[in-house]
Amino acid sequence: MSAEYVWKDRKRTIFGLPLSFTVYKLTNEKLLIETGVFSKKEEEIRLYRIMDLTLNRPFGQRLFGVGTIHCCTADKSTPEFDILKIKRPSEIKEMLSDMVEAERDKKRVSAREFMSDEDACDCEDVH
């Protein structure tokens with residue numbers, strides 16, 4: 001069964017070119033991050049578990065029209081991750097934010113259900 005992707009992109013390298021082996025795929029319910037050349041790893045993050053999104057666009061990335069989205073989640077295996085150097089970062093962040101809210105509403109989940117002192121992600125320390 002093939003998933004229908006809402007968005008798909010690669011991490012960009014020098015001059016904003018997609019010459020890397022990191023691929024991002026977004027469905028209505030989850031974000032998939034595939035890395036590797038010979039040995040592949042695919043990380044799956046359910047959208048309703050994403051708690052915070054931050055867009056970072058350092059000068060070098062802005063020059064080439066890319067940006068990085070930093071995400072904090074309630075996922076035990078991936079509490080924080082970056083969607084690195086992608087095209088149209090502002091548009092993708094807004095789309096992802098809207099999809100996260102829609103998925104939370106659909107599942108009747110609120111962010112406070114994930115919060116506890118020991119599990120809280122320190123999103124102030126953005127990479």
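The values are calculated or read from the model by the stated rules, or taken from the named source; none is laboratory data. As the structure is a prediction and not an experimental result, all values here were calculated from the model. Please note: Cβ atoms are built from the backbone with ideal geometry, for glycine as well, and neighbour counts cover all protein chains shown.
Residues of segment 30-62 being surrounded by fewer than 19 Cβ atoms within 10 Å (Cβ to Cβ), touching a residue at least 40 places away in the same chain (Cβ under 8 Å) and of a type in the set (A, V, I, L, M, F, W, C), which ones?
L53
Tally the residues that are part of a loop (DSSP other than H, G, I, E, B) and surrounded by 15 or more Cβ atoms within 10 Å (Cβ to Cβ), restricting the search to segment 7-17.
Step one: of segment 7-17, the residues part of a loop (DSSP other than H, G, I, E, B) are 11-13, 17.
This time we only want the ones that are surrounded by 15 or more Cβ atoms within 10 Å (Cβ to Cβ), so: 11-13.
Residues meeting the conditions: 3.
Could you run through segment 43-90 and say how many residues are of a type in the set (D, E), more than 18 Å from P18 (Cα to Cα) and at pLDDT 95 or above? It would help to see each step written out before you state the result.
From segment 43-90, those of a type in the set (D, E) are 43-44, 52, 75, 80, 82; that's our starting set.
This time we only want the ones that are more than 18 Å from P18 (Cα to Cα), so: 43-44, 52, 75, 80.
Then drop every residue that is not at pLDDT 95 or above, which leaves 43-44, 52, 80.
Here the count works out to 4.
Which one of the conditions (1) surrounded by 12 or more Cβ atoms within 10 Å (Cβ to Cβ); (2) at pLDDT below 95; (3) closer than 29 Å to L19 by Cβ does F114 fail to meet, given that it meets all the rest?
(3)
Which ones in segment 89-101 are touching a residue at least 12 places away in the same chain (Cβ under 8 Å) and of a type outside the set (S, T, Y)? Let's see the steps before the verdict.
Taking segment 89-101 as the starting set, the residues that turn out to be touching a residue at least 12 places away in the same chain (Cβ under 8 Å) are 89-90, 92-93, 95-97, 99-100.
Of everything in segment 89-101, those that are touching a residue at least 12 places away in the same chain (Cβ under 8 Å) and of a type outside the set (S, T, Y) turn out to be P89, I92, K93, M95, L96, M99, V100.
Of the residues in segment 70-83, how many are part of a loop (DSSP other than H, G, I, E, B) and under 18 Å from V109 (Cα atoms)?
Quick first cut of segment 70-83, residues part of a loop (DSSP other than H, G, I, E, B) only: 74-79.
If we keep only those that are under 18 Å from V109 (Cα atoms) too, we end up with 74-76, 79.
Total satisfying the criteria: 4.
How many residues does segment 41-69 contain that are in a helix (DSSP H, G or I), within 15 Å of M99 (Cα to Cα) and more than 10 Å from the chain's Cα centre (by Cα)? Steps first, please.
We begin by selecting, within segment 41-69, every residue in a helix (DSSP H, G or I); these are 47-49, 59-63.
Filter once more, so that each one left must be within 15 Å of M99 (Cα to Cα): 47-49.
Checking which are more than 10 Å from the chain's Cα centre (by Cα) leaves us with 48-49.
Selection size over segment 41-69: 2.
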